[in-house]
Every structure is written in structure tokens, then in C-alpha cells.
């Protein structure tokens, strides 16, 4: 069924499908703040500030109270009260909204989803401030990753879902010859049918960037979505849900296709809701044991999960030693390593790092990397923009624990220390901790240590370094694998190890692109082939697994 919003956004949708096919650079949403208007940042700040010490309004069923649980990592007082709804009421309302949404068809659903993205674009600066003050990202990172980059990922999910649905024909005429007799004739119709209610469990560190692919892939394929943000990062997804509901309503659909479910750390509801029979899709990211619970207990649902992992770097040789160090320094410092794709364990063999100026020992590399990090962060104003703030106090506790382990079992190459933020005196800002550890201490460097913590590990050979990285990816999971080598043989061995471990490989990154960054329409975030993820964002399975095809056959009697 056609819809005016599909025609309005059709050209953008078709361009997005082409971008996915080509896998080159493309982005329709500007990452330049100036393009949003001369006063856009301040207007966004004002809109964000209006939520303080107030009740966030959403016209949803089953409201039983209010929840106020967010605390800004920068020390800003938020005090935003969100409606706490009965999950069964939200599920019932979502199911009631489904029939008309299914009947609308792929084109209409895609058009409405793209209209939602366009309206979210108008709220980009407001969402940027919300992301900043709930996750700890610096403003520029919160703007880019929480705004245009998240919107890119949402559009990518819609485009891929639409492409997969359009592969299914609406009707077909099936004729089988029967020799001298009349042919057998069947009229067949095919309907894309959603799986059911989807539950999106938001991330504490990247609520929109991690959440939009699931939100839009489920919605575009006909599934209503219950959005349950992390208790410490509600506002970015609350704003999103408010925009979605208003757009759905104005487009002629039931707003309860998308709703907000909030809780606090003292009364979590995610596990209870995840086991309800009507919940058929679950998207989440988190610790390995947390994610595994949903795999083991929410058996009625398809679970798309990004788990904790340990990303490794193998350094064998480089054509530009200083540029490599600068790239690694930024990578280990950016947003205080609070992304699932940031490297943690750096493996260097006792053969050293070969450079045009000579070979540097593993010990020297560790010292040089420490100096490079210090040089990057020596200016306090620049340092806080790179580091952002620590999202959770648990991460600060983890830094202290690893420091003690490192001092006992290895060498502290660069200690972590708090630094003051010139604008936000109460901000939790800590510099990276860099520890040299023995290859035998797997229980330290081969376990995920989320946050600004990394290890330099010396191996006997480069082959051992590659083997250690492969084993960690296979056993613990990894989203990224980085290798620095100018040797074609080592590069080939790295590619083979990456294929066996099912992990994305980056070779010789020395410029302004960092392994922790992922580009929509081009990169696959995760592979689903190792324990760090059960799906790839965004591939065909991520979209197509959210619907099934219902076939109806009608016998046609041939004319005599």
C-alpha cells in the first residue's frame, strides 16, 4: 500500500540501498554543527535544559508512577521524572497497534520510518546534549555519534529491511504442465509478517548509536517496539520515543507501536519482560553474563546481542612509527575507551617493532606509547574533549583494581589519574591506565576491562602474538582486530587468523581513522561469528530475521 511519506522519501531510500550495495562512503546527515544553524547548539542546550526538574510527558497506557534515576557523569543535576508504565499494558497496546501497521506494507512503513528520522534530525542538538550528559561523551562526540551517525545507522537499517522485504513478491501465478491434461494452476500471494513485539534494551554508553538499528529494523518490518533505556541513560531514547510516537500519530497510525519502558537500578524489569510470550525480538548490549541470561531464558525470542569482548592489536612493523603511536594514543583515549570496539590488549613480540629507523623493543614500544598518550593529553582543555567523562563509577573502581594487579604482576607504564574539567568541576575524568603484563597472565589481559585500561604484552614471536589474539577472539569475543605490519606474509597470516576467529580486521591505521570508529553503509559492526556479538549491524540477517513470509495458495480451475 502506497503512502505519501514513501513518495516523499523514496529517492533517499533508493540512494541508501545503493550505498549499501556499493559499501563506499556516503552519509545524508551532516556531521558539521554549523549546518544546523548559527544558534543550533545553544537552542539545543535550551531544549535539553527544559527537561530539568520536570516530568517528561508521554501519553502512554498503564502509567503507575514516575522514575527518576539519571545522574550526569559531568555532575550536572538532571532530576527528570519519566512515566513508569505497566509492561503488560504496553505489550497489549503494541499488539493492538499491529494489524494496521502490517496491512500498510513495506513501502508505507519505510516512508514513515524515514519521516521519523527526518524529524529526529531536527532534534539533533537537543539529543546531543542529552547523550553528553547521560553517557559522559564530550559534546562533539555526543553530537556526531548520537545524532548524524546514529541517524545513518537507522536509515541503513530501514533501507536494508525494505530491500529484504521487497525481494518477496506480492503475488505469483503458478502453472504446472500436465501433458494432454489441463495444467495445474495456483494463484499465490505472499505477505511479510512481523515476528511480534520487540524489546530494545538501551546501552548506557551509546543509547542512540546502538539503539537506532534495532528500533528501525524492527519498526520497518512491522514489529512494534518497547524501548527500555538503561536507567542511567534514559533521556536520549525518551526524546526519540516522543518523536516517533508523534510522527506515527500524524501519519495515521497508532502511536503505541513504539513506547518507553523505564526502571531504575533498584527495581529492574528487563528480565521479567524479556520472558513474556508476546516478546519475540530482543536487542541488547552488555556484559557477557548479562547477555547470556537472555540467550538462556528468553527462548521464545530471537536475541540480537553485542557482548563484552577483548579487542587485540598486534604490532610487528610499521612504515611510520610516530604516526602509528599517535593513532594508538587517540584510540586508547577516545571517550575513555568506553566503546565495545576499542582495543585493550596490545601484543608485541620480543623480536621488536621494525621501523625505517630501526627496531624498537617491546619495552621501548610500551614507553613510547605512554609518552604518546601523555603528549595527546598534556593540554587539559583538549584532554577533556578527547576523554569525555567516565559513565559509571564502577569503571573508576575497575581502574583502581587493575592498577593494583598491574603493580603486583607487571609494570605500570602510565598510571591513570583524575583531571579537572574546566567547565564541569564535578565531572569524572580519568586518564588511561597502561600496564605491561606477562603473556602468562591471561587472567588479567584476556578478560574484558571496560574503560581506559590497556595492556602491553610481550610474546616470544609474532606467530605467538597472532595466535594469542586469535584465541582471545574465539574464546572471549572481539569486535575488532588490529595489525600493524608492512610484511605481506604477516598480513596474510593476520587475515587468516581473523577469518578463523570471525573478527573484523584493520591493517596499518596511522591517520585520522581509528579502529573504534565504524561507518554506516560501509562497515559491518560485529560478525555474529564469535562471542562478542550474535549479529552484525547491519546485515541481511539482522533485518530479515525480524519477519516471516505467509503464503496463501488458491486453486484455479482451468477453463474447459
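Any read-out appearing in this document is the output of simple, stated calculations on the displayed coordinates, not a laboratory observation. These figures come from a predicted structure and were not determined experimentally. Cβ sites come from the backbone with ideal geometry, for glycine too, and all protein chains shown count toward neighbours.
Sorted by mean Cβ packing within 10 Å, highest first, what order do the peptides 241-247, 97-103 take? Display every interim value, and only then the final one.
Working: 241-247: 21.1, 97-103: 15.6.
Packing proxy ranking, top to bottom: 241-247, 97-103.
Ranked highest first by the average count of other Cβ atoms within 10 Å around their residues, in what order do 120-132, 172-184, 535-547 fall?
Values: 120-132: 23.9, 172-184: 9.9, 535-547: 21.3.
Top to bottom by mean Cβ count within 10 Å: 120-132, 535-547, 172-184.
If packing is taken as the average count of other Cβ atoms within 10 Å, what order do 370-382, 209-221 fall into, highest mean first?
Order by mean packing, descending: 209-221, 370-382.
Can you put 139, 52 in order of Cβ neighbours within 10 angstrom, beginning with the fewest?
Listing 139, 52 from fewest to most nearby Cβ atoms yields 52, 139.
How much length is gained if the chain between residue 475 and residue 441 is pulled fully straight, taking 0.36 nm per residue apart and subtracting their Cα-Cα distance, in nm to one decimal?
Fully extending the segment from residue 475 to residue 441 adds 10.7 nm.
Testing the spin-label approximation: label points 7 Å from Cα along Cα→Cβ at residue 380 and residue 34. State their distance in nm.
In this crude label model, residue 380 to residue 34 measures out at 3.0 nm.
By DSSP, what percent of the beta bridges with both residues in segment 4-307 are antiparallel, rounded to the nearest 5?
Roughly 35 percent of the beta bridges in segment 4-307 run antiparallel, per DSSP.
For segment 189-257, just say rounded, prolate or oblate: build the C-alpha gyration tensor, square-root its eigenvalues into a ≥ b ≥ c, call rounded for a/c under 1.5, and beyond that prolate if a/b exceeds b/c, oblate if not.
Since a/c reaches 1.5 but b/c is at least a/b, the shape of segment 189-257 is classed as oblate.
Only one of the values (1) 43, 30, 21; (2) 56, 29, 22; (3) 48, 35, 20 was calculated from this structure for semi-axes √(5λ) of the Cα gyration tensor in Å; name its label.
So the calculated entry is the one marked (1).
Report, in deg cm²/dmol and to the nearest 500, the calculated mean residue ellipticity at 222 nm for the chain, where each DSSP H run with n ≥ 4 adds -39500 (n - 2.57) and the sum is divided by the residue count.
Computed ellipticity for the chain at 222 nm equals -13500 deg cm²/dmol.
Full extension from residue 167 to residue 350: what is 0.36 nm times the residue separation minus their Cα-Cα distance, to one decimal in nm?
Details: separation 183, 0.36 × 183 = 65.88 nm, distance 5.37 nm.
The span from residue 167 to residue 350 would gain 60.5 nm if fully extended.
Once you place label points 7 Å from the Cα toward the Cβ at residue 557 and residue 540, how far apart are they in nm?
Roughly 4.1 nm, to one decimal.
So how far apart, in nm, are the two label points at residue 246 and residue 47 if each is 7 Å from Cα heading toward Cβ?
Reported label-point gap for residue 246 and residue 47 is 0.8 nm.
Sequence gap at least 6, Cα distance under 8 Å: using those rules, report the relative contact order of the chain to the nearest whole percent. Display every interim value, and only then the final one.
Numbers: 1236 pairs, mean separation 98.0, N = 560.
Reported as a whole number, the value is 18 percent.
Just want to confirm a number: the relative contact order over segment 312-507, from Cα pairs under 8 angstrom separated by 6+ residues, in percent.
It rounds to 29 percent for segment 312-507.
Fully extended, how many nm does the chain gain between residue 492 and residue 299 (0.36 nm per residue separation, minus their Cα-Cα distance)? Could you put the intermediate results ahead of the total?
Details: separation 193, 0.36 × 193 = 69.48 nm, distance 3.99 nm.
Additional length available on full extension: 65.5 nm.
Need one word for segment 33-134: rounded, prolate or oblate. Basis is the Cα gyration tensor (sqrt eigenvalues a ≥ b ≥ c); a/c below 1.5 gives rounded, then a/b vs b/c decides.
Note, shape of segment 33-134 comes out oblate.
Return a whole-number percent for the relative contact order of segment 4-307, with Cα pairs under 8 Å and 6 or more residues apart as the contact set.
Relative contact order, segment 4-307: 19 percent.
Quick check: Cα centre of segment 298-357 to Cα centre of segment 371-436, how many Å?
Each part's Cα centre sits 17 Å from the other's.
Out of the DSSP beta bridges found with both residues in segment 312-507, what percent are antiparallel (nearest 5)?
25 percent
Starting from one equal scatterer on each C-alpha and no solvent at all, send me the Debye-based log10 I(q)/I(0) for segment 438-510 at q = 0.19 Å⁻¹, two decimals.
Result of the Debye calculation: -0.82.
Calculate how steeply helix 148-166 sits against the longest principal axis of the alpha-carbon atoms of the chain, using the helix alpha-carbon long axis, and give the answer as 0 to 90 degrees to the nearest 10.
Its long axis makes an angle of about 40 degrees.
Run through the DSSP bridge list for the chain and note the antiparallel percent, rounded to the nearest 5.
40 percent
Relative to the first principal axis of the alpha-carbon coordinates of the chain, what is the inclination of helix 462-476, with its axis defined by its Cα atoms, in degrees from 0 to 90 and to the nearest 10?
40 degrees
Any idea what angle helix 393-409 forms with the longest principal axis of the chain, computed on alpha-carbon atoms, 0 to 90 degrees, nearest 10?
40 degrees
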